[in-house]
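Following: one structure in structure tokens, then a few remarks.
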Amino acid sequence: MDFHHGPVGSPSSSTSSTEINPSNSTSFNHQNGGPAPHCNAAGANNSDPMHSWWESISKARTRIHLLSTLLPETSSVLSSLADSDRPARSLLLSSAAYSSISSSLSSPSSGSGDDSLCQWLYDTFLSADPELRLVVLCYIPLLSSLYLSRIHSSSTTSAISPTPNLAGFEAVLLVLYSSEVKARSGKPVLISIPDLSQPSLYHSPRNPPSNKSNPINNNPSSRPLVGVLSPPLEPQMAVKSTKRASIVGIALDCYYKQISQMPNWSKLDFCKFSADWAGQDCPCKSDFDDFTAQKPDNFTESSNGLSGDSRGHNEIEDVVEEIRHLRIEGRDKELRPQGVRIPLPWELLQPALRILGHCLLGPLITEDVKDAASVAIRSLYARASHDLNPQAILATRSLIQLDKRAREAAAAAAAAAASATSNANTPSKAKKPEILLVSK
């Protein structure tokens, strides 16, 4: 399979085409929306589980050995990963491999039509092994950021600058987009909106039966509302300027569907890239961050100051110190936006906010990822406030409030744990023995 960049056009529009080799069974035809696997599709079924398992191992090892020829500086690391029991999983969770592939993708000459690493990502996603597809999805945040940054950087420079050749990046994005088009079969993604007039979702059926004797059931206002989460997708043969945000957004949506299996360094990169995309570093980022004025629920004030004993006063100081430790304003110097500010239509912002929501509130998320996501969501809130985008303002404010409550709950839990520890270490005063008086 070869990538070839289309005719040079304006900086706001770039196209990609793929030359199909009939002898290559893994070639993908963007022209007709050919057989692309879905992001969540399982591997090919086989009647013999042992044969299927060994075929998956052999295919993963072949792909990793091919990758080692593209990255000779990490060939020893990749060879050790290929020899493991689960080579694709080992490649996904290898920080050394991620660092090497990221460096190669970030080189100034990357992303062109003859980029061998983009071709490796393209062919690997077409593999029947779900874990190999996860490896490709792991690099979608980096690839999307590089692609959008270079596209919009070239559009803001002088007219004499050449259009960047990014057909390799576009081919990887298109194969993910085409797989989702095939999976959706031209149907939109719908969600059921609950009826807020009912106490809960369980007080009325989602689809009440039709009953002519009951006028309530025939009332259209009593029927459940259905919202369109994503409109039907149209097949795309190239990344046009009018469809660029939608194509990248679908690729990020594929990443979100598997985000629970993504390594933390991939999530951390996406949070940093999101802050770069917002490009907004103004004081309005901290509109909701009044941590120093917060006090625990069991804290009361009087006219003379703090009420309670000295041990309670120490607990309050511990809580305040813990809250300061959880603050992100003074720790985000390296997380502040430094990249290219790009347009953020809802097609691109919606999947980005889903990913950031997981990074803020998902289970087993490390503190550095949470802090980076918190910085990113505040940057996006500032951007939405300056752009006067009410939809984005509502979504980002909601995530900021949820982040605040989660941090407050963590601080309260730390204070409760400290209080329980101090109570266990404090010796209790011995009680005097009771004397029973008996009258004769």
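Would you confirm whether any residue within the range 116-124 is part of a helix (DSSP H, G or I), open to solvent by less than 50 Å² (accessible area, probe 1.4 Å) and of a type in the set (Asp, Glu)?
Yes, the range 116-124 contains a residue that is part of a helix (DSSP H, G or I), open to solvent by less than 50 Å² (accessible area, probe 1.4 Å) and of a type in the set (Asp, Glu).
Could you please find all residues in the range 61-115 being open to solvent by 20 Å² or more (accessible area, probe 1.4 Å), under 18 Å from residue 171 (Cβ atoms) and of a type in the set (A, V, I, L, M)?
Within the range 61-115, 66, 70 meet the criteria.
In this structure, does residue 192 turn out to be open to solvent by less than 40 Å² (accessible area, probe 1.4 Å), closer than 23 Å to residue 350 by Cα and modelled with pLDDT of 60 or more?
Answer is no for this residue.
Of all the residues that make up the range 222-250, how many are more than 15 Å from residue 344 (Cα to Cα) and in contact with a Phe, Trp or Tyr (Cβ under 7 Å, 6 or more places away or on another chain)?
Residues flagged as more than 15 Å from residue 344 (Cα to Cα) and in contact with a Phe, Trp or Tyr (Cβ under 7 Å, 6 or more places away or on another chain) within the range 222-250 amount to 1.
The values are calculated or read from the model by the stated rules, or taken from the named source; none is laboratory data. Computed from a predicted model, the values in this text were never measured in an experiment. As a convention, Cβ positions derive from the backbone with ideal geometry for all residues, glycine included, and neighbour counts pool all protein chains shown. Just so you know, the surface numbers come from the protein's heavy atoms only, side chains and all, with ligands and any DNA or RNA stripped out. Shrake-Rupley method; radii C 1.70, N 1.55, O 1.52, S 1.80 Å.
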